[in-house]
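Comments concern the structure below.
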Amino acid sequence: DCVVAAGGDGTIAEVAAGLMGGGAALGILPLGTANVLSLELGLPRAPEAAAAVLRGGREVALWPGIARFGDGRSLLFVQMLGAGFDADVVRRLDLGLKRRIGRAAYVWQAGLELRRYAFPPIRVRLDDGEALRASALVVSKGRLYAGPFLLAPGATPLRPGFHVALIGGGWGRAALAGALLPLNLLPRLPGLELRQASHVVLEGSGVPTQADGDFTGRLPVTVTDAPAPLRIRLPGDGRQPPF
């Protein structure tokens, strides 16, 4: 009745994709590097506490996102999709260094990419409305980004829809974002605009993308909610009614 993903956000997304359309609930043992979704949902890291949630936690609806790429691929994600600078950092990340020093590897790689990423423009259309532009962008299901750091205060993966963070500027703006992130001040970044949408179209020549911390290719991509939610086990009284 429950399939458990033991790992980080990328592993959780792969397991969630396999569960779509089935009857089993999703359980999580947070063993990854950032574990953003687990932090978002208040899941415990201690093994005994995590096991107790899997056995007797309450079940609620989790709404993943679906990214459809120009080459015909479709990809499910559970927390966020990024386009631009952060995706280039993920693309070039040294996985051996990540295994040795964890999240600090992203900081190191970001410093390297600031000197060579060109920040090509991203064309954005939200809910078939006006065309917008950005140099970096995050389509987020939840409040948090890159760990326990606030990005979109009003977002939740337990409801349909997305919060879209659009960022303009070049390497200076990206460096400032990196400085504000650990202070939980990223929503105050000058030039950052937060929009809500249920249908997001992104275009840009050669712009890389990442989803849940894994490199996924390049634009164009269309983002929508999954056709139906998944059941996920969270801390709480299992006698409460699901959903």
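The values are calculated or read from the model by the stated rules, or taken from the named source; none is laboratory data. These numbers come from a predicted model, not from an experiment. Cβ atoms come from the backbone with ideal geometry, glycine included; neighbour counts cover every protein chain shown. When the accessible area is computed, the model is the full protein with side chains, heavy atoms only, and any ligands, DNA or RNA have been set aside. Shrake-Rupley method; radii C 1.70, N 1.55, O 1.52, S 1.80 Å.
Points worth noting:
- Taking the centroid of alpha carbons for each part, the range 47-81 and the range 143-196 are 20 Å apart.
- Selected from Ser135, Gln109, Phe85, residue furthest toward positive end of dipole (the range 51-183; charges at beta carbon): Gln109
- Across Arg159, Arg100, Arg58, the residue with the most accessible area heads the list, and the full order at a 1.4 Å probe is Arg100, Arg159, Arg58.
- Candidates Glu14, Glu48, Glu193, ranked by Gaussian network fluctuation over the chain, Cα under 10 Å, top entry: Glu48
- Percent carbon-and-sulfur accessible area, the chain, ignoring ligands, DNA and RNA, probe 1.4 Å: 55
- Solvent exposure of the range 41-141 amounts to 49 Å² per residue of accessible area, where only protein heavy atoms count and the probe is 1.4 Å.
- Cut-off 15 Å between beta-carbons: net charge of the residues surrounding Leu150, Lys and Arg +1, Asp and Glu -1: +2
- Rounded, prolate or oblate (a/c below 1.5 giving rounded, otherwise prolate when a/b exceeds b/c) for the range 29-166 by Cα gyration tensor: oblate
- In this Cβ point-charge picture (+1 for Lys and Arg, -1 for Asp and Glu), the range 1-106 has a dipole of about 280 debye about its Cα centre.
- Prolate/oblate/rounded call for the range 137-243, Cα gyration tensor, a/c under 1.5 rounded: oblate
- Cβ-based net charge around Arg231, under 12 Å, with every Lys or Arg adding one and every Asp or Glu removing one: 0
- For Ala34, residues with placed amide H under 5 Å, excluding near neighbours: Asp9
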